[in-house]
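The values are calculated or read from the model by the stated rules, or taken from the named source; none is laboratory data. None of these values were measured; they are calculated from a predicted model. Using ideal geometry, Cβ is built from the backbone for each residue, glycine included, and neighbour counts are taken over all protein chains shown.
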Amino acid sequence: MAALVVRPVGEPPVELQMLKAAEALPIFEKALARRDMSLVSLGPLFKSSLFEVAILASDSESGSAAGACLWNMGSFSNPHIEQLIIPTTWYTFTSTKLVLLAGGLLLDLWAARGVWGFWSQGLTLSFCLALSAAVAVNAAVVWAVSWVRHLGEWVLGRKQKTRARLFAASAQGPRGPELLRAVVARAQNAAQERGYLMLICNLDEADPLRSCFGSGRFRTEFLQKALVDNLQVRDFAPDNFHDPRDI
C-alpha cells in the first residue's frame, strides 16, 4: 500500500485511541507474538525516536479490536528531484516566479478576449462553452498551485519527513476488518497532520486483511536463504510482520 496524504480523508465513525510507545508496547507484543518475522523484542523499535504513534480501535461488545503504528521512514533515505522541466533550484528565484505569474496572467487575458469575442458576436452557445472551459482551466490551475505549494519543500529537498510507514497492523474479532479500516484512515490523517507526503505499508499479497488498506501501486519482493544446510526454506505466513526499518 502506498498513498499520498496531502489531503485529509474521511474517517468512519469509530472511537480511536492514539497511544504513545510505552502504552502501546505490551499490547502489540501480545498481538504480534506468533507472527512470522516478528522481532524477538519490540522494545528497541517502539522506544526509537522515529516511532510516531500507535492507533487502536476496539469494540468490547463483539470482542473485536484493531491497531497499527506509524514510523518515520523518511529519516533513512529520501529521494531528491534535481530537475522538474527546469532545475528545481530555479523555482526559488523571484525572477522565475514572476515569469510563471506573468505567463498565467497572459493566458487568462487571451482566454478572456476569446470569450468576449463570442459574446460580442452573439454566439451564445460558443460563449457558454468557452466560459465553461476557461473556468475549468482556472480551477485546474488553482488545484495545481495548491499541490505545488504542498510538494515544493519536498521537491527542493528541504523536507525530510517525506514518508511515514504503517506497520504492525492487526485485527481480531468479527468487527476486526471494519475497525482496521478506521485505523488506516486515521493513520493517513495522522501522517498528513505530521507533515508527511506519503504513507507506505508493506503487506503480503495474500494477507487476509489486504482489502482494508486500499489499492497498491508497487510490488516488493523479499528473498530468503537458508543459513544451515539441512534447513528447508518455507514460505512465510501471509500475515507476517514487516520491520519498518527495512527499506
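Tabulated values for the structure
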read-out	value
Flag for residue 27 being modelled with pLDDT of 85 or more and either crowded, with 17+ Cβ neighbours inside 10 Å or within 30 Å of residue 133 (Cα to Cα) (or both)	yes
So residue 32, is it surrounded by 14 or more Cβ atoms within 10 Å (Cβ to Cβ) and either of a type outside the set (A, V, I, L, M, F, W, C) or modelled with pLDDT of 90 or more (or both)	no
Of all residues making up segment 164-208, the number that are touching a helix residue (DSSP H, G or I) at 6+ places or on another chain (Cβ under 9 Å), surrounded by 20 or more Cβ atoms within 10 Å (Cβ to Cβ) and either charged (D, E, K, R) or not assigned by TED's automatic domain parsing to the domain that holds residue 66 (or both)	1
Single unsatisfied condition, residue 220 versus (1) farther than 28 Å from residue 41 by Cβ; (2) surrounded by 11 or more Cβ atoms within 10 Å (Cβ to Cβ)	(1)
Filter result (over 21 Å from residue 181 (Cα atoms) and either acidic (Asp, Glu) or not assigned by TED's automatic domain parsing to the domain that holds residue 187 (or both)) within segment 1-28	23
Segment 114-128 - residue that is in a helix (DSSP H, G or I) and at pLDDT 70 or above and, of those, nearest to the chain's Cα centre (by Cα)	128
Residue ID - surrounded by the fewest Cβ atoms within 10 Å (Cβ to Cβ), chosen from residues in segment 35-71 that are touching a Gly at 6+ places or on another chain (Cβ under 8 Å) and outside any loop (DSSP other than H, G, I, E, B)	59
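Conditions tested, residue by residue: (1) under 16 Å from the mean Cα position of the chain (by Cα); (2) hydrophobic (A, V, I, L, M, F, W, C); (3) under 20 Å from residue 242 (Cβ atoms).
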| residue | (1), (2), (3) |
| --- | --- |
| 163 | yes, no, yes |
| 168 | no, yes, yes |
| 178 | no, no, no |
| 201 | yes, yes, yes |
| 213 | yes, yes, yes |
| 225 | no, no, yes |
